[in-house]
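Okay, so here's the structure we're looking at.
Nothing in this text is a laboratory measurement; each read-out follows from the coordinates by a stated rule. Everything numeric here is computed off the predicted structure, so don't read it as measured data. Positions of Cβ are backbone-derived with ideal geometry, glycine not excepted, and every protein chain shown enters the neighbour counts.
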Amino acid sequence: MAQEKSEFLKGTLDMLILKVVAAGPIHGYAISQRIQQVSKDFFQVPQGSLYPALHRLEERDWLEAEWRDTATGREAKFYKLTRKGRTQLESEVLHWEKLTDAVALILRTAE
């Protein structure tokens with residue numbers, strides 16, 4: 001059986017990153033691992049998608065970052081949510097809930 005490739009709806013990756021970072025400072029690789037872990041391997045975020053998203057979120061002032069040592073002694077950029085980022089996350093979660101409710105309504109209609 002071929003493995004299905006999960007694709008993100010526009011803006012979904014940004015929301016998931018903001019949600020993971022909201023728990024506290026975390027580096028990029030750990031963000032992708034956390035998304036994969038919590039989604040039970042449904043979402044696997046390639047570096048080619050993750051790092052451009054992190055840069056975009058930093059440019060929008062939704063995340064701020066600083067270089068720190070990791071547990072392995074290597075240096076990595078750790079991201080944390082800004083006040084603006086927290087407001088954006090709340091807005092995106094609300095929008096996502098409305099979107100999924102609307103889709104659920106359509107899926108429940110009789111054919």
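Quick notes on this one:
- Within the range 56-67, residues that are more than 14 Å from Val20 (Cβ to Cβ) have Cβ atoms under 8 Å from residues that are of a type in the set (Val, Ile, Thr) and crowded, with 16+ Cβ neighbours inside 10 Å in these pairs: Asp61/Thr82; Glu64/Thr82, counting only partners at least 6 apart in sequence or on another chain.
- Residue list for the range 51-78, filter: in contact with a strand residue (DSSP E or B) (Cβ under 8 Å, 6 or more places away or on another chain) and of a type in the set (Ser, Thr, Tyr): Thr70
- Restricting attention to the range 81-111 and to residues that are outside any helix (DSSP H, G or I) and either among the β-branched types (Val, Ile, Thr) or in contact with a Cys (Cβ under 8 Å, 6 or more places away or on another chain) (or both), the residue that is nearest to Ser32 (Cα to Cα) turns out to be Thr82.
Residue by residue, here is whether (1) out of contact with any Phe, Trp or Tyr (no Cβ under 9 Å at 6 or more places or on another chain); (2) hydrophobic (A, V, I, L, M, F, W, C); (3) free of Cβ contacts under 8 Å to residues at least 40 places away in the same chain holds:
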{"position": "Gly48", "(1), (2), (3)": "yes, no, yes"}
{"position": "Ala71", "(1), (2), (3)": "yes, yes, yes"}
{"position": "Glu75", "(1), (2), (3)": "no, no, yes"}
{"position": "Leu81", "(1), (2), (3)": "no, yes, no"}
{"position": "Arg86", "(1), (2), (3)": "no, no, no"}
{"position": "Asp101", "(1), (2), (3)": "yes, no, yes"}
